[in-house]
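Note sheet for the following structure.
Values quoted throughout were computed directly from the atomic coordinates according to the rules given, and no laboratory measurement underlies them. A quick note: this is a predicted structure, and the numbers were derived from the prediction, not measured. Note that each Cβ is placed from the backbone with ideal geometry, even for glycine, and that neighbours are counted across all protein chains shown.
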Amino acid sequence: MPGARKRTAALDQVLELVVLLGEDMGRALERDGLTKSRAPLVWELQQHGPRTQKALSDALGTTPRNVTGLVDGLVATGFVTRGPHPSDRRATLVSLTDHGAEVMARMAEAYDDFATQLFGGMTARELDGFVAGLGSVLDVLRQHLGDSGE
């Protein structure tokens, strides 16, 4: 088992990774006209197609009121539209616009490129070890968060 210094050094590196990835993500989203709070909603629509605001609220684990604000902002910036639901006249469907779909396609391509940039220089063995080690850390963290009731 690694010593305390090695464990805290590993945690320092993980925390630095979180900060650097957050900064990179923030810059990329800003460049594409999105925010960290709006991006998950656009991603949800890209993955699952048009959804009601209630379905978006459930998928994102947030309040309907919060989703309304997110959708309002995304409508104003041209990423999504609201339209009638085909079978429930009380419901409204939120859909990606062509602009929103284009941005998401660019983001997916950039994501693949970034993965290649980060991990392309690793051997298969190094990448397997990294993935296994990080998987173990994530399992412990998920268990910790589950135990603390969050």
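Using a basic spin-label model with each label point 7 Å from the Cα along Cα→Cβ, how many nm lie between residue 113 and residue 58?
3.7 nm
Using 1/(1 + (r/R0)^6) with R0 = 35 angstrom and r between the beta carbons of residue 77 and residue 130, what's the FRET efficiency to the nearest 0.05?
That pair, residue 77 with residue 130, gives E of 0.45.
Quick check on the exposure proxy: order 137, 67, 18 from fewest to most C-beta atoms within 10 angstrom.
18, 137, 67
Projecting each Cα onto the charge dipole of the range 32-143 (Lys/Arg +1, Asp/Glu -1 at the beta carbon, about the Cα centre), which of 53, 114, 143 comes out farthest on the positive side?
Value: 53.
Dipole size in debye (nearest 20) for the chain around its Cα centre, Lys and Arg Cβ +1, Asp and Glu Cβ -1? Each step should come with its number before you reach the end.
On the way: 16 positive and 20 negative charges, 98 e Å.
Here the chain has a charge dipole of around 480 debye.
Rounded, prolate or oblate: which fits the range 55-150 when a ≥ b ≥ c are the square roots of the eigenvalues of the alpha-carbon gyration tensor, with rounded for a/c under 1.5 and prolate only if a/b beats b/c?
Working: a/c = 3.47, a/b = 1.59, b/c = 2.19.
Oblate, since a/c reaches 1.5 and b/c is not below a/b.
Return a whole-number percent for the relative contact order of the chain, with Cα pairs under 8 Å and 6 or more residues apart as the contact set. Mind dumping the intermediate values first?
Working: 93 pairs, mean separation 24.9, N = 150.
So the answer I get is 17 percent.
Run the simple label-point estimate for residue 66 and residue 46 please: 7 Å along Cα→C-beta, distance reported in nm.
Roughly 2.1 nm, to one decimal.
Along the positive direction of the dipole of the chain (beta-carbon charges: Lys, Arg +1; Asp, Glu -1; about the Cα centre), which of 2, 18, 129 reaches farthest?
18
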